[in-house]
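The values are calculated or read from the model by the stated rules, or taken from the named source; none is laboratory data. Because the structure is a prediction, the values reported are computed rather than measured. A quick note on method: Cβ atoms are made from the backbone with ideal geometry, for glycine too, and the neighbour counts reach across all protein chains shown.
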Amino acid sequence: MPKRLVLFTGLSIWLVLVLVGLDFATTTQIAFMNAAQQITPANSLTVLPPTSTITPTPSITPIPPTSTPTPTWTPTLTPFPEDHQLFVYVSDRSGYREIYLHDLDTGVERQLTSNFGLSLDAPSLSPDRAWVVYEELLHESFLVMTNMSATYGQPLSWEVIDFLEYSQWGPAWSPDGTQIALHSDQYGNSDIFIMNPETYEVVQVTTNSEADAYAAWSPDGTQLVYQCSINDGREICIIDVTGNNLIQLTNNDRFDGLPDWSPDGTQIVFASTRDEEKEELYVMNVDGSNVRRLTNLPTSVETDPKWSPDGEYILFESNAGGDFEICMIRADGGNLECLTDNHVDDRSPDW
């Protein structure tokens, strides 16, 4: 073979090898790139180069409020002075029958209860002015005690007295504040009972086959005057707290009831229809003698009298203005005045 042909053939072979090598390198690089693309998921996170740094977003510090929250309002009630004359009564003025406390010396009064629909009645203020006991009349009548503490008007606690599982009415504190007289229908008709407000122990005082009700204590706490039923009539009777020595003070064919004992123990005030068809107030000696009429208003009812602790005045309820108001009269029958003036009933006063 000629030398030039051999050289050309060698160059050709070399050129072919070079071209094949370039093609292999190119093909391999593409294959590697495709492989990398195949193993990288479409939703993978982007990995930053090692030289990059991530600057964290600083947290936000809450800015405290510039205004101070308003605290819950708590009323501050100044106690009524101990030497002031106070009485409780019920009123419909709030839309419900609630109990109010009235300072006779200043005319200031406070609502003691907020029972929202419960019908309350016949409140009795304890001698130390710490408790008021009253009737609750939503279903059967039962007694409730509310602790007024030293603020008189900010009740701190209350408890239901449901010791007999029967209806109870007309509570009245004893002069020393250790007992409560009441009447209950435990045995089918109304009788007088005495209860210990701490233990709820109950002692029956009367065992009348007819109704006995509305007891009030003698100043020394040894006797009760009450409204007794005799031959279907309503009379005034006295009995020892032991249930002995029953004495009937009145005897007529008209209503005599709702009695209260004077602080000096010598007289009894009561309501009666003995002279008219409507109730008026009368006073008599504790032996039933010397009955005298205390009120004499032509068209209105005067009833439910309560003697003041100093014996000078008698509280009662009157509808002389069209609705019942709490009024007061001197024990000798003078200076009659009304202490409330509403377009609703104010009733059942008690010192």
Members of segment 206-221 that are among the aliphatic types (A, V, I, L, M) and crowded, with 19+ Cβ neighbours inside 10 Å: ALA213, ALA215, ALA216
Residue under evaluation ALA122, criteria (1) assigned to a loop (DSSP other than H, G, I, E, B); (2) modelled with pLDDT of 85 or more, criterion not met: (1)
Can you tell me how many residues within segment 222-239 are exposed (fewer than 15 other Cβ atoms within 10 Å of the Cβ) and within 35 Å of the chain's Cα centre (by Cα)? 1
Can you report the number of residues in segment 128-145 which are at pLDDT 85 or above and either in contact with a Phe, Trp or Tyr (Cβ under 6 Å, 6 or more places away or on another chain) or among the acidic types (Asp, Glu) (or both)? 2
Qualifying positions in segment 149-184 - over 21 Å from LYS306 (Cα atoms), in a loop (DSSP other than H, G, I, E, B) and either at pLDDT 55 or above or of a type in the set (Gly, Ala, Ser) (or both): SER149, ALA150, GLY153, GLU165, TYR166, SER167
Looking only at segment 50-69, decide whether some residue is modelled with pLDDT under 70, crowded, with 16+ Cβ neighbours inside 10 Å and not assigned by TED's automatic domain parsing to the domain that holds PRO171. no
